[in-house]
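Visitor: Submitted below is the structure of interest, expressed as structure tokens.
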Amino acid sequence: MRYLVIVEQTATGYSAYSPDLEGCVATGRTREEVENEMREAIAFHIEGLRQHGESVPTPGSYSTYVEVPA
């Protein structure tokens, strides 16, 4: 499956989360690190859902940009 991941720069590196997977977050010092950590976090999160007999959310979030007058 392919989930949207939001990555934000912080004072100490990067943080990431997926809007489709509540509570699934990761941090890292670099973009590459946070993306790898998030990939592992998503796999772990989905595994936990399955072990508890819960359904795995279907990816539904998307991203877009909108222009507004500045």
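Visitor: Divide by every residue of the chain the summed helix terms, -39500 (n - 2.57) for each DSSP H run of at least 4, and state the resulting mean residue ellipticity at 222 nm, rounded to the nearest 500 deg cm²/dmol. If you can, show how the numbers build up before the last one.
Guide: Working: 1 runs with 21 residues, N = 70.
Value at 222 nm, helices only, nearest 500: -10500 deg cm²/dmol.
Visitor: If you rank Y3, Y65 by fewest surrounding Cβ atoms within 10 Å, what's the result?
Guide: Ascending number of Cβ neighbours within 10 Å: Y65, Y3.
Visitor: So for the chain, Kirkwood radius off the Cα pairs, Stokes-Einstein at 37 °C and 0.692 mPa s: how many µm² s⁻¹? Can you show the working numbers first?
Guide: Values: Rh = 13.2 Å.
Estimated via Stokes-Einstein, D reaches 249 µm²/s.
Visitor: With a sphere of radius 15 Å drawn around the Cβ of R2, what net charge do the other residues whose Cβ falls strictly inside it have (Lys, Arg +1; Asp, Glu -1)?
Guide: Net local charge, R2 excluded: -1.
We did not get these values from a lab; they are worked out from the coordinates using the rules stated. No experiment lies behind these values; they were computed from the predicted model shown. So basically every Cβ, Gly included, is an ideal-geometry build from the backbone, and we count neighbours across all protein chains shown.
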